[in-house]
Structures are given as C-alpha cells and as structure tokens.
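As structure tokens, the structure follows; a few thoughts come after it.
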Amino acid sequence: VQLQASGGGLVQPGGSLRLSCAASGSIFSIDTMGWFRQAPGQQRELVTVITSSGTIHYADSVKGRFTISRDNAKNTVYLQMNSLEPEDTAVYYCYTDMASVRTWGQGTQVTVSS
C-alpha cells in the first residue's frame with residue numbers, strides 16, 4: 001500500500017487548507033485512517049483519526065477547527081483545517097491501518113504565518 005498526501009502550503013492565520021491522502025496498491029480493507037503532525041523539534045502527535053465505522057477522534061488542540069472525513073470508494077482521507085493558527089505549523093503525515101499494519105504517507109508541510 002502506498003499513500004500520497006497533498007494539499008499543504010502556506011496560509012495566513014485564520015485561513016483554511018484541505019489535505020488529502022489517497023491510498024493505492026494492494027488494498028483489502030482499510031481499518032483506521034488518520035493524521036499526525038510533527039513540528040520542528042517536537043515529537044509527532046496525533047491530530048485526528050477516523051475508523052472504518054466512522055468513529056472520529058480529535059486532539060483537543062484542533063477540536064472545532066479541523067474536520068476529518070473519508071471516501072471509502074476512493075480509499076482517500078481528507079483533513080479540512082479551518083481557523084488555522086501559527087501553532088498548527090508542522091509536517092502533516094497521513095496513515096492507514098490495514099490488517100494491523102500501519103502505512104505512512106510522505107508528509108506535507110503546512111505553514112501558518114503572516
């Protein structure tokens with residue numbers, strides 16, 4: 001399985017971005033899909049996750065601002081990020097869990113700055 005993330009970029013505080021992450025390859029049944037992020041000098045942290053049944057979890061820092069969704073027909077997970085803050089600046093990594101195997105995307109840079 002390969003993951004291709006896209007949608008990162010530079011945005012001003014208060015702006016919005018939408019990240020996408022498409023899975024391809026030998027896909028049987030994807031369980032969980034989600035996003036982590038890693039800011040410079042910090043550990044990678046969980047941002048949000050969505051299960052195959054639609055259960056969603058958000059980190060407290062993004063609740064009310066970020067929305068995760070998935071299109072199972074396209075094996076794609078999305079992250080809509082609104083009201084972005086400079087603290088959201090990081091490399092965002094998507095992942096999937098399939099048959100207890102975790103696969104990571106290549107990361108996409110999100111920079112929030114005026």
TODO: Could you name every one of the strands (runs of 3 or more DSSP E) located completely within the stretch 27-114 that has at least 3 residues being of a type outside the set (Phe, Trp, Tyr) and surrounded by 12 or more Cβ atoms within 10 Å (Cβ to Cβ)?
DONE: 33-38, 45-50, 66-71, 76-81, 90-98, 108-112
- [ ] Would you tally the residues in the stretch 23-74 being of a type in the set (Asp, Glu) and touching a Phe, Trp or Tyr at 6+ places or on another chain (Cβ under 9 Å)?
- [x] 2
TODO: Could you list, in sequence order, all residues of the stretch 1-27 that are at pLDDT below 95 and β-branched (Val, Ile, Thr)?
DONE: VAL1, ILE27
TODO: Residue by residue through the stretch 75-100, note down the ones that are in contact (Cβ under 8 Å) with a residue 24 or more places away in the chain and more than 15 Å from SER61 (Cα to Cα).
DONE: ASN75, THR76, VAL77, TYR78, VAL91, TYR93, CYS94, TYR95, THR96, ASP97, MET98, ALA99
Task: Candidate set: the stretch 2-12, residues that are open to solvent by 50 Å² or more (accessible area, probe 1.4 Å) and in a strand (DSSP E or B); chosen: the one nearest to PRO86 (Cα to Cα) - done: LEU10
TODO: Quickly run through the stretch 58-74 and pick out the residues that are under 24 Å from VAL1 (Cα atoms) and touching a residue at least 12 places away in the same chain (Cβ under 8 Å).
DONE: ILE68, SER69, ARG70, ASN72, LYS74
- [ ] Kindly check whether there is at least one residue in the stretch 13-22 that is touching a residue at least 40 places away in the same chain (Cβ under 8 Å), part of a loop (DSSP other than H, G, I, E, B), touching a helix residue (DSSP H, G or I) at 6+ places or on another chain (Cβ under 8 Å) and surrounded by fewer than 14 Cβ atoms within 10 Å (Cβ to Cβ).
- [x] yes
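The values are calculated or read from the model by the stated rules, or taken from the named source; none is laboratory data. What you are looking at is a predicted structure, and each value in this text was computed from that prediction instead of being measured. Don't worry about glycine lacking a Cβ; one is built from the backbone with ideal geometry, like all the others, and counts go over all protein chains shown. To get the accessible areas, we keep the full protein, side chains included, count just its heavy atoms, and leave off ligands, DNA and RNA. Shrake-Rupley method; radii C 1.70, N 1.55, O 1.52, S 1.80 Å.
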